[in-house]
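Presented below is the structure to which this report refers.
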Amino acid sequence: MAVIKQYKTAKGIRYRVRYMKPDHTETSKRGFKRKRDAELWASSHVTVAIANDDYIDPGKGKVTVGQLYEAWYAGHRSLWKPSMAHTTEVSWRTHVKDTWQNVPIKNVTRSNVQRWISGLAGERSASTTLKAYGILKGVVDDALKDRRISRDPLEGIKLPRKPKRKSRRVYLTIPQLIAFADECRNAQERGEERRALILLLGFCGLRWGEAAALRVGDVDFLKHRIEVVGNVVRIGSNEIEGTPKSGQGRSVPMPRIVESALLEVCAGKAENDHVFLDPSGHTIKPQSVADLKGNRTWYVSALRRLGYLPEDMPSPHDLRHTAASIAVHAGANVKALQRMLGHASAAMTLDVYADLFDSDLDDVARMIDAGVEVETGIKTGQKPAKKSLIKK
C-alpha cells in the first residue's frame with residue numbers, strides 16, 4: 001500500500017509517495033507538485049503494477065548503459081566467434097561508448113537514440129551505424145528482461161538501410177581455372193602449393209580461411225573427400241583458427257584433378273601439418289585484387305601474366321563462385337550445392353546463386369517434352385500452329 005505525504009521545499013509544497021516493494025523493503029518517490037499527481041503515479045506504478053506482477057524497481061534503472069554493456073558483452077563473448085567479439089568491442093569503443101557509457105538506462109529515450117542514430121548515419125556507413133545500434137539494442141533488451149525499465153525506448157527508431165550492392169561476379173570456365181592454377185605454379189616460391197590451392201578453391205568451393213586452416217589429416221584420399229573443420233580469421237595483426245563460418249564442419253567432394261595436386265603437396269608432411277603455408281612458415285595470407293597499382297602478390301601477378309584486366313580479375317571469393325557454377329553445370333542439385341558450400345539452408349544457396357539456376361527453367365520444359373514423347377509417342381518438336389488458327 002502507498003502512503004502520500006506532504007513536505008516543504010524552497011520552491012514550495014511537494015508530495016512524496018512511500019510504498020512497500022514486492023521484496024518487502026520500503027522506498028519512496030518524491031517531487032510531485034500536486035497530490036493528485038502523486039496519487040496517479042502510485043496507482044499505476046505501485047498498486048496496479050504490483051497486482052499485475054509488472055512492478056519495475058526505480059533503483060534498478062539507475063545502472064548505466066556502460067555497466068550493462070560489460071555484463072552483456074561478457075555473457076555473449078564465449079558464444080561468439082573471435083572476429084565477432086573483436087568487431088563488437090571496436091564498435092562499442094569507437095561509436096557507442098562516448099555517447100552512452102554514463103547514461104542511466106532509465107534515461108535512454110526514443111528521441112535521444114534517434115538523434116544519435118541520425119548523427120552517426122550522417123558520418124558513417126549504414127553497416128557501421130547498424131552495428132553500433134545492435135549493441136545498444138542488446139543492452140536495452142537485457143534491461144527489459146531484467147525489469148530495469150518498463151518500456152522499450154528503441155521502439156519506432158528509424159534506421160538506415162544497407163544499399164543493395166550489385167556485386168560483379170566472375171565465373172571462370174574450367175579451362176580458365178586450370179590455366180590460372182598452372183600459371184600460379186610459376187611463382188618464385190611454393191608454386192605447386194599455390195597451384196593446388198587455386199584448384200581447391202575453384203573446384204571445391206572452400207573459403208580462403210578454410211583453405212588456410214586445412215591440415216593434411218583433413219584430406220581423405222581414400223574417400224575422395226575433404227573434411228572442412230577449421231577456419232583462419234585475421235583479427236588485427238593476429239591470426240586465430242576456429243570453426244567454419246557456419247559453426248559446423250562439412251564434407252566436400254574432391255575431384256581427381258584436385259586430389260592429384262594435393263597428393264603431391266601433402267607428401268612427406270605429418271597429419272597435423274597445414275597443407276598450405278607462406279614462405280615464412282605461417283598460414284597463407286589473404287589475397288586481394290583491390291588496390292592493384294602497388295599489388296605485386298603472387299595471386300595478382302599470375303593473373304597479370306595471363307592478360308587479365310583489373311576489372312576482369314577473379315577475387316579469391318570469385319573462385320568459390322566458380323566452384324558453384326562448375327558444380328551446377330555438372331548437374332549438382334541445390335541441396336548438394338548447399339552441403340558443399342556450407343550454407344545454412346538450401347534457400348540461402350538459391351538466393352545467392354539464383355542466376356546459375358535460370359537455365360533450369362528451360363531444362364524443365366525440355367524434360368517434360370521428352371516425357372510426353374516417351375509415354376504417348378506424340379512428337380512435341382512440331383512447328384507452332386499457324387497464326388490463322390490461333391484465336392485472338
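Points to keep in mind about this one:
- When both region 100-133 and region 216-295 are represented by their alpha-carbon centers, they are found 40 Å apart.
- Shape summary: region 174-329 maps onto an equivalent ellipsoid whose semi-axes, from the alpha-carbon gyration tensor, are 23, 18, 16 Å in decreasing order.
- When each of 62/137; 8/60; 137/162 is checked by Cα-Cα distance, pairs over 24 Å: 8/60
- When you work out D = kT/(6 pi eta Rh) for region 141-190 at 10 °C and 1.306 mPa s, using the Kirkwood radius from C-alpha pairs as Rh and the Stokes-Einstein form, the result is 93 µm²/s.
- Between the residues 7, 235, 326, the greatest Cα displacement towards the positive end of the dipole of the chain, with unit charges on the Cβ of Lys, Arg, Asp and Glu, is found for 7.
- Using Cβ point charges alone (K and R +1, D and E -1), the dipole size of the chain about the Cα centre works out to roughly 2940 debye.
- For region 231-324, size of Cβ-based charge dipole, Lys and Arg +1, Asp and Glu -1, in debye: 180
- Computed [θ] at 222 nm, helices only, for the chain once each DSSP H run of length n ≥ 4 contributes -39500 (n - 2.57): -13000 deg cm²/dmol
- Hydrodynamic radius (Kirkwood) for the chain, which is based on Cα pairs only, to one decimal in Å: 26.9
- Residues of region 206-249 with an amide N closer than 13 Å to a point placed 7 Å from the Cα of residue 297 along the Cα-to-Cβ direction: 208-209, 212, 234.
Every number in this text was worked out from the coordinates using simple rules, so none of it is lab data. Since we're looking at a predicted model, the values are computed, not measured. Glycine gets a Cβ as well: all are built from the backbone with ideal geometry, and neighbour counts include every protein chain shown.
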